[in-house]
Amino acid sequence: MIVLYGTEPAFGVPQASPFAMKVEVLLKLSGLAYTVVPADIRAAPRGKIPWIVDDGAVISDSRMIQTYLEQRYGVDFSGGYSARALGHGVAIARMLEDHLYPLIMAQRWDWGAAEALAPQLGLGQAPLFGGMWLRLQAARRARGLRRLQGLDRLTAAEQLALVSRAVEALEAAIAGQIYLLGGRVCGVDATAYGFLAALAAPQIGGDAAGVLRRCPELLAYLARMQAEFYPDFVA
């Protein structure tokens, strides 16, 4: 059985990490047997969550995990879409993971909710790794991500404008569709759901989340995805 080292529910979403949530949805789509174990980030193979262990093989990074599932088990995450549609999907996934993610993290840690995440990171029991330490480290990581992309040189209003443009583009892309690319769920939806749910996290709030909450198509999409993949979850 595949073991997913991910995160427990926090901030009102099923997985605290959007990357861990992406991988769990991919595993649900694959139909393969798996179990989730709360990860200790200090043991993470590449210093980040999630990773999986499968018959002794250790695979980290959500993109590498998806590739592994495709190659090792022949899982088809394409949903039967055309190469053109899947190309659009890759662009959307990269926008979410590489562009929107630093802004999501800024919103999350500015709210100081690190204490809710401490237990599943394996840091909550040691005095040295209390909530304040975790919050400072998470905020530092969030600042580092923004710095790499030059986002720290923008004002808060300008950063919010970037979030708005990305979210509004997704709202337009999904209009009239059940899933992100059309009428069939695919791997791109695992990414989209994980990151949009993180942005909309009810226990975080903030202006960026407010942008998403004004997008009825995306809110309906999030509700459908939760009903399909996490029907028993209560925020």
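The values are calculated or read from the model by the stated rules, or taken from the named source; none is laboratory data. All values reported here derive from a predicted model rather than from experimental measurement. Here the Cβ is made from the backbone with ideal geometry for all residues, glycine too, and neighbour counts use every protein chain on show. Only protein heavy atoms, including side chains, enter the accessible area calculation; ligands, DNA and RNA are left aside. Shrake-Rupley method; radii C 1.70, N 1.55, O 1.52, S 1.80 Å.
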**Message:** Give me the residue from region 146-191 that is out of contact with any helix residue (DSSP H, G or I) (no Cβ under 9 Å at 6 or more places or on another chain) and within 24 Å of V75 (Cα to Cα) and, out of that set, most open to solvent (accessible area, probe 1.4 Å).
**Reply:** R184
**Item:** Selection within region 23-50 - modelled with pLDDT under 90 and not hydrophobic (A, V, I, L, M, F, W, C)
**Value:** D40, R42, R46, G47, K48
**Request:** Would you confirm whether any residue within region 57-73 is among the small types (G, A, S) and part of a loop (DSSP other than H, G, I, E, B)?
**Result:** no
**Message:** Looking only at region 65-107, how many residues end up being touching a strand residue (DSSP E or B) at 6+ places or on another chain (Cβ under 8 Å) and hydrophobic (A, V, I, L, M, F, W, C)?
**Reply:** 1
**Message:** Residues to consider are G12, G79; find the one that is in contact (Cβ under 8 Å) with a residue 60 or more places away in the chain and in contact with a Gly (Cβ under 8 Å, 6 or more places away or on another chain).
**Reply:** G79
**Asked** If a residue has to be at positive phi and surrounded by 14 or more Cβ atoms within 10 Å (Cβ to Cβ) to count, how many in region 53-65 make the cut?
**Response** 1
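Would you please name the residue that is farthest from E70 (Cα to Cα), looking only at residues in region 10-25 that are of a type in the set (A, V, I, L, M, F, W, C) and more than 12 Å from the chain's Cα centre (by Cα)? Talk me through it step by step, then tell me what you get.
Of all residues in region 10-25, those of a type in the set (A, V, I, L, M, F, W, C) come to 10-11, 13, 16, 19-21, 23, 25.
Next cut, more than 12 Å from the chain's Cα centre (by Cα) only: 10-11.
On the way: A10: 29, F11: 31 Å.
Ranking the qualifying residues of region 10-25, first place goes to F11.
In this structure, is R84 open to solvent by 70 Å² or more (accessible area, probe 1.4 Å), part of a helix (DSSP H, G or I), at pLDDT 85 or above and under 17 Å from K22 (Cβ atoms)?
no
Rundown of residues vs (1) open to solvent by 20 Å² or more (accessible area, probe 1.4 Å); (2) touching a residue at least 40 places away in the same chain (Cβ under 8 Å); (3) aromatic (F, W, Y), yes/no style:
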residue	(1), (2), (3)
M1	yes, no, no
L4	no, yes, no
E8	yes, yes, no
F19	yes, yes, yes
L29	yes, yes, no
W51	no, yes, yes
T67	yes, no, no
**Prompt:** Going by the structure shown, is A20 of a type outside the set (D, E) and at pLDDT 95 or above?
**Reply:** yes
**Message:** Please verify whether V37 is open to solvent by 60 Å² or more (accessible area, probe 1.4 Å), in a strand (DSSP E or B) and in contact with a strand residue (DSSP E or B) (Cβ under 9 Å, 6 or more places away or on another chain), treating the condition exactly as stated.
**Reply:** no
